[in-house]
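The next block holds one structure in the form of structure tokens; read it before the comments.
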């Protein structure tokens, strides 16, 4: 997974208004705030509704609906959106395509106490656990 993959899932330079070259650019992006358009691009990539995205984020669906496309989320929400985009990029890389990854997201996983990876994406700790499992799968460690 590259930072370019993460940026592309969110809409690339056109949406983010900058190239993402390193992790410091991600910090700047978080502090500036990710736009509703970038969130919509992530939802589209994952084939999620805005309702599904709202269940993963510390914001209500109604609040998301009120945002204009170019309005920026606060840093806490922006960071969480970015973390989910990282999981999406890594998952698509590990499973070779996003459809296989999305299927995996919805299946109970023994390494995650038989919870679905999707059910853990609503917290930073959960996204870290899902990324850890993806890295282990990538390296052939399944337990």
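None of the figures in this text is laboratory data; all of them are computed from the coordinates on show. This is a predicted model, so every value here is computed, not measured. Because the Cβ atoms are built from the backbone with ideal geometry, glycine has one as well, and the counts that use them run over all protein chains shown.
Some values worked out for this structure:
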| read-out | value |
| --- | --- |
| CD proxy at 222 nm, helix term only [per DSSP H run n ≥ 4: -39500 (n - 2.57); per residue of the chain; nearest 500] | -18000 deg cm²/dmol |
| Globularity index of region 34-88, i.e. its alpha-carbon radius of gyration over 2.2 N^0.38 Å | 0.97 |
| In degrees, nearest ten, helix 124-138 long axis to first principal axis of the chain (Cα) | 50 |
| Ordering of 122-130, 6-14 by packing [mean C-beta count within 10 Å, highest first] | 6-14, 122-130 |
| Calculated diffusion of region 52-118, Stokes-Einstein form, Kirkwood radius summed over Cα pairs, 37 °C and 0.692 mPa s, µm²/s | 244 |
| Relative contact order of the chain, defined on C-alpha pairs under 8 angstrom at six or more residues apart (%) | 21 |
| Convex hull per residue volume in Å³, alpha carbons only, for the chain | 98 |
| The chain: angle of helix 36-46 to the longest principal axis, Cα-based, in degrees nearest 10 | 20 |
